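Colleague: After the structure tokens below, expect a handful of questions from me.
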Amino acid sequence: MNAPRAVHEAREELGRRLRELRTGAGLTGKSLASALGWPHSKISKLELGQQAATRGDVLRWCAACSREDAADGLLVLLREMDSRYSEWRRQLGRGVHLRQRPLIDLDHDTRVWRILETCVVPGLLQTPDYAAATFREAVLLRGIPDTADTAVALRMQRQQVLYEPGKRFHFLLWEPVLHTGAATASVMVDQLQRLINLLHLPSARIGIIPQNTRLPITPSHGFWLRDDQLVLIETFDAELRLALPDEVALYRRVFDLLAPAARYDDGARRLLEKGINAWQTEH
């Protein structure tokens, strides 16, 4: 997904919500335009995502629909809309290390993490060599400056949050994470051994979702849920930040549906040891 398309889709979502407010208030597009003193075409363009709304547009729309209570949620979406993707892309263009620095502050402010990964070991659990391999995937893909060494150092710095008092982590890893990736076999063995060593970390619960298991919902992509207030999703091209209450609630439900399917403690250890054996014997 490229950034312009992502922004357009966010505008369409805002437009859909504005349309729901209008129809819920029993207003036609023409009557709302008349009440706001706007041309009817502006109503249509905003609802179709063909025109960017302003903060004033949203506030006046909500007032005309007698739904001032809906303004805060719409303004959150409006603020996120044009920044969800662009900042992440700008940072990556100058090197993979720049994405790590703002995350240090975000980690400091977060108390509870719920993290699902379907393709890669979460950064907070990575070994330095595994982290370097993941960063160099981005370097290869995007042709950007190779600042992987600096990025690894910053990621290792971020991992200190695992040992800070009051922090709580729940990691879910889909089993294919243990068997795929750009790292070499020896790096994968070391990485899986590190996960075994972290199984009894007091602040963290690490679960492995077996691949050959019927699940209530398919874990189609990974995400990081922070304090039940913010969801971060990385794609090849961008980072998506979701903060609207219904968006956050949906991802919390996904996590809660998948968590019981995971293996923990000895069950997780057996799956990790299976992964180690596979890398040692097949590679």
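Colleague: Just give me the residues in the range 243-262 being more than 21 Å from LEU173 (Cβ to Cβ) and surrounded by 14 or more Cβ atoms within 10 Å (Cβ to Cβ), in sequence order.
Modeller: Answer for the range 243-262, where residues must be more than 21 Å from LEU173 (Cβ to Cβ) and surrounded by 14 or more Cβ atoms within 10 Å (Cβ to Cβ): ALA243, LEU244, GLU247, VAL248.
Colleague: Another question, then. When you go through LEU125, LEU103, LEU173 one by one, which is the residue that is in contact with a Pro (Cβ under 9 Å, 6 or more places away or on another chain), under 21 Å from TRP224 (Cα atoms) and of a type in the set (A, V, I, L, M)?
Modeller: LEU173
Colleague: Something else now. Quick one: which residue in ARG114, ARG16, ARG79, ARG11 is charged (D, E, K, R), within 18 Å of PRO245 (Cα to Cα), open to solvent by 40 Å² or more (accessible area, probe 1.4 Å) and at pLDDT 95 or above? Spell out the reasoning first.
Modeller: Values: ARG16 fails: at pLDDT 95 or above; ARG79 fails: at pLDDT 95 or above; ARG11 fails: at pLDDT 95 or above.
None of the other options fit; the residue is ARG114.
Colleague: I need the full set of residues from the range 125-152 which are closer than 17 Å to ARG194 by Cβ and open to solvent by 60 Å² or more (accessible area, probe 1.4 Å), in order please.
Modeller: PRO128, ASP129
Colleague: Related question: Identify all residues within the range 58-75 that are in a helix (DSSP H, G or I), of a type outside the set (Gly, Ala, Ser) and surrounded by fewer than 19 Cβ atoms within 10 Å (Cβ to Cβ); write none if there are none.
Modeller: First, pick out the residues of the range 58-75 that are in a helix (DSSP H, G or I): 58-64, 68-75.
After this cut, where a residue has to be of a type outside the set (Gly, Ala, Ser) as well, the list is 58-62, 68-69, 72, 74-75.
Matches in the range 58-75: LEU59, ARG60, GLU68, ASP69, ASP72, LEU75.
Colleague: As an exercise: evaluate CYS119 against (1) in a helix (DSSP H, G or I); (2) open to solvent by 10 Å² or more (accessible area, probe 1.4 Å); (3) in contact (Cβ under 8 Å) with a residue 60 or more places away in the chain and give the number of the one condition it does not meet.
Modeller: Just one mismatch for CYS119, condition (1).
Colleague: Here's something else I'd like to know. Quick one: which strands (runs of 3 or more DSSP E) sit completely within the range 129-237 and have at least 2 residues that are farther than 30 Å from LEU77 by Cα?
Modeller: 204-209
Colleague: Restricting the search to the range 197-228, which residues are under 12 Å from the mean Cα position of the chain (by Cα) and of a type outside the set (Lys, Arg)?
Modeller: Within the range 197-228, HIS221, GLY222, PHE223, TRP224, LEU225 meet the criteria.
Colleague: So which residues in the range 49-76 are within 12 Å of GLU12 (Cβ to Cβ) and touching an Asp or Glu at 6+ places or on another chain (Cβ under 7 Å), if there are any at all?
Modeller: GLY49 - this is the single residue of the range 49-76 that is within 12 Å of GLU12 (Cβ to Cβ) and touching an Asp or Glu at 6+ places or on another chain (Cβ under 7 Å).
The values are calculated or read from the model by the stated rules, or taken from the named source; none is laboratory data. Treat the numbers as computed from the prediction; the structure is a model and nothing was measured. We place every Cβ from the backbone using ideal geometry, glycine too, and count neighbours over all the protein chains shown. The area values use the complete protein model at the heavy-atom level, side chains included, leaving out ligands, DNA and RNA. Shrake-Rupley method; radii C 1.70, N 1.55, O 1.52, S 1.80 Å.
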